[in-house]
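The values are calculated or read from the model by the stated rules, or taken from the named source; none is laboratory data. Here the structure is a predicted model, which is why all the values come from computation and not from measurement. Cβ sites come from the backbone with ideal geometry, for glycine too, and all protein chains shown count toward neighbours.
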Amino acid sequence: PLADAELAALIDAHPKPSSISEYSYGTAGFRYEAGLLPCVFVRMGIFTALRSASLGGEEVGAMITASHNAEPDNGMKLADSHGGMLDAAWEEHAVSLANAPDSKHALALIHTLSDYAKGNHPDATADGRLPKMVVHIGRDTRSHSPPLAALVIRAARAMGATVIDHGEVSTPMLHHFVMHANGHLLPSSIPQRCNESGYYEIMAMSYAALLRTGTVGSGGKRLPTTSTLVIDGACGIGASKVDKFQRIFAKLRAEGCTTGLPVLHTVNFPGEGPLNEECGAEFVQKQQLPPKLYSKSAAGVSKEYMTSFDGDADRVVFHFEDKSGKFHLLDGDKIAVLVSSFIQDELRCIDPDGKAVKCGVVQTAYANGSSTLYLKNVVKTNVIIAKTGVKFVHAAAHHHFDVGVYFEANGHGTVLFGPKFYDFIASADARLRGTPRHNRANIALRRLRVLPALVNQSVGDAMSDMMLVDAILFLRGWDLSTWARLYSDMPSKQAKVKVADRTVITTNDNETAATAPVALQIALQAAMDAMATQENADGGPKPRCFVRPSGTEDAVRVYAEANTQKGADSLASEAMVLIH
Ligand code: 16G
Ligand code: ZN
């Protein structure tokens, strides 16, 4: 029996604001100005409990954050029991519950969902009670996050759920906790650690193990230009967490593990400047500009080796200033190239035909054409273009590949390792046992073996991606300029157009072409063809332009790339005119 009266009172106390006609679940959950959210958050506290019950007591999570948005916004990302994004069918239930007109309608829905949960798990339900429910809650550093989190917690408890409140954490940490809480879903080679210190420990140990493989025979060189890594925390949660993580380095050093450890110098802590403003991954990647450094400790800092996180630390990009003071950005595409070529090279050291494990990269339409061409022609890997948004690229990587690397150009990404990869490691382990440690296949095996723990497989993770990239650069003996030179980005231009109704524009599955209005795509294609003739570049990627309705904002987005900045700008302007 549910505590109907208590639930109704909570729902009634937080009615739907009159300015909202319908809450929508965007690409990454609910995201609104903080003042509009109490209504949704109460209902999502109830909802997460129901989701956990529907999975027979598997643990789920809710993260309170608006990621790279400005400080006044907040939002919620939901984590399913495997640690990844909420199941699509349940997104619809979440939306229905968020929009129920009053507590009576909401309760009807709550009863339907709880009956469904009971029906699915008859063994787990005693005297008509719901199965066990466990909900993990995390929040970012926004000033309104604690009261909003308190609402979610109250509502989940009113449902009878056990709530584990992790306090201030990054989004990927919350996803990690949920993934690790459901130990039976975790590959056996990954140690189960469902708390903050365990999260750091797994990452630090696997990172150090990866560096150590550089001391024997192959690679392992830290250049002076990579000895200090400067981390722009976007004045958000990531900065505080890197600082805690860094303390483990001190322990490693004390234990004599000094090989190649860089100094992590964090700047832009919470409170030092406005969240995500003129700093952080979103600003740096979209504006193609270096971040403003708010911290006092940033004075005179070297800009040769830098990263920027976004406000909830699930995105990372790298950047540096060269000797002439010019700014260079290494975005998610560059990370995909670095990581996928590294993994593939190591796999080939054990399996020269590359047949045992199917590797591939998932990108979105925003991936720079040069990166796609490089992946296909130089890395010689499979490339799939999927719809924008982590839930889509993640699903594609999981579905198509045994080792699936996905990165959005904006810096969100990770690597997924499937069962065939783990089998491959187990059989290589048996075959290579007893071979000398400097044997290249033996080294490759030790490198590959630690990756599933170093990488956060639940979702993109700025800290974990940063450590992975740093380790690969160390093993390759590269700095950011060597990495940047792998290929040159095609000049590109992004723009957005406010329209009365963005839904009149529809696209194909991966958003590379518009399907309606029909005339729009014909005109875009003509513009691309004309640009190709005009620029007349041989061999390289062709000029490209696409438009898509945003999944997070009331606008249509435009992307264009060409062989010159002028060409990209003019293609984008043509597209903007066509949309108006
Ligand atoms: C969300 C997505 C991000 C995507 C962006 C596109 C997640 C966690 N985040 O922020 O991956 O690039 O939406 O926004 O999925 P848009 O649809 O407004 O262009
Ligand atoms: Zn984010």
| query | Among the residues of the stretch 346-366, is there at least one that is touching a residue at least 12 places away in the same chain (Cβ under 8 Å), closer than 24 Å to residue 558 by Cα, outside the structural domain of residue 551 (by TED's automatic domain parsing) and surrounded by fewer than 23 Cβ atoms within 10 Å (Cβ to Cβ)? | reply | yes
- Query: modelled with pLDDT of 95 or more and either within 16 Å of ligand 2 (Cβ to nearest atom) or buried (at least 24 other Cβ atoms within 10 Å of the Cβ) (or both), is that true of residue 178?
  - Reply: yes
Within the stretch 410-432, restricting to residues that are more than 20 Å from residue 186 (Cα to Cα) and within 16 Å of ligand 2 (Cβ to nearest atom), the one that is nearest to the chain's Cα centre (by Cα) is 412
The stretch 433-488: helices (runs of 4 or more DSSP H) wholly inside it with 3 or more residues that are within 30 Å of residue 395 (Cα to Cα) and within 16 Å of ligand 2 (Cβ to nearest atom) are 462-476
Practice problem: With the condition kept exactly as written, say whether any residue in the stretch 380-395 is within 16 Å of ligand 1 (Cβ to nearest atom), small (Gly, Ala, Ser), part of a helix (DSSP H, G or I) and over 22 Å from residue 561 (Cβ atoms). | Solution: yes
Result of the Cβ filter at 6 Å on the stretch 542-564, keeping first residues that are touching a residue at least 24 places away in the same chain (Cβ under 8 Å) and partners that are polar (S, T, N, Q) and near ligand 1 (Cβ under 8 Å from one of its atoms), at least 6 apart or interchain, is 551/27; 552/27; 557/550
Scanning the stretch 238-269 for residues that are in a loop (DSSP other than H, G, I, E, B) and of a type in the set (S, T, N, Q), the one nearest to residue 462 (Cα to Cα) turns out to be 268
Scanning the stretch 142-182 for residues that are in contact with a Ser or Thr (Cβ under 8 Å, 6 or more places away or on another chain) and under 18 Å from residue 28 (Cβ atoms) gives 142, 145, 152, 171, 172, 175, 176, 178, 179
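Here are some residues: 327, 318, 283, 342. Which one is within 30 Å of residue 559 (Cβ to Cβ) and crowded, with 24+ Cβ neighbours inside 10 Å?
Of 327, 318, 283, 342, the one residue that is within 30 Å of residue 559 (Cβ to Cβ) and crowded, with 24+ Cβ neighbours inside 10 Å is 318.
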Within the stretch 528-572, of all residues that are away from ligand 1 (no atom under 16 Å from the Cβ) and of a type in the set (Lys, Arg), the one nearest to residue 499 (Cα to Cα) is 544
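Could you pull out the residue among 394, 412, 399 that is farther than 30 Å from residue 491 by Cβ and not acidic (Asp, Glu)?
Numbers: 394 fails: farther than 30 Å from residue 491 by Cβ; 412 fails: farther than 30 Å from residue 491 by Cβ.
From the options 394, 412, 399, the qualifying one is 399.
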Of the residues in the stretch 440-485, those that are surrounded by fewer than 17 Cβ atoms within 10 Å (Cβ to Cβ) and without any contact (Cβ under 8 Å) to a residue 60 or more places away in the chain come to 482, 485
Expected single match for surrounded by 14 or more Cβ atoms within 10 Å (Cβ to Cβ) and modelled with pLDDT of 95 or more among 521, 525 is 521
With the structure loaded, tell me whether residue 138 is in contact (Cβ under 8 Å) with a residue 12 or more places away in the chain and at positive phi or whether it fails that test. no
Scanning the stretch 384-406 for residues that are touching a Lys or Arg at 6+ places or on another chain (Cβ under 9 Å) and within 16 Å of ligand 2 (Cβ to nearest atom), the one nearest to residue 465 (Cα to Cα) turns out to be 393
**Asked** Taking the stated definitions as given, is residue 38 at pLDDT 95 or above, surrounded by fewer than 22 Cβ atoms within 10 Å (Cβ to Cβ) and either over 22 Å from residue 10 (Cα atoms) or within 15 Å of ligand 1 (Cβ to nearest atom) (or both)?
**Response** no
A careful count of residues in the stretch 415-432 that are closer than 26 Å to residue 180 by Cα and either among the small types (Gly, Ala, Ser) or in a helix (DSSP H, G or I) (or both) gives 11
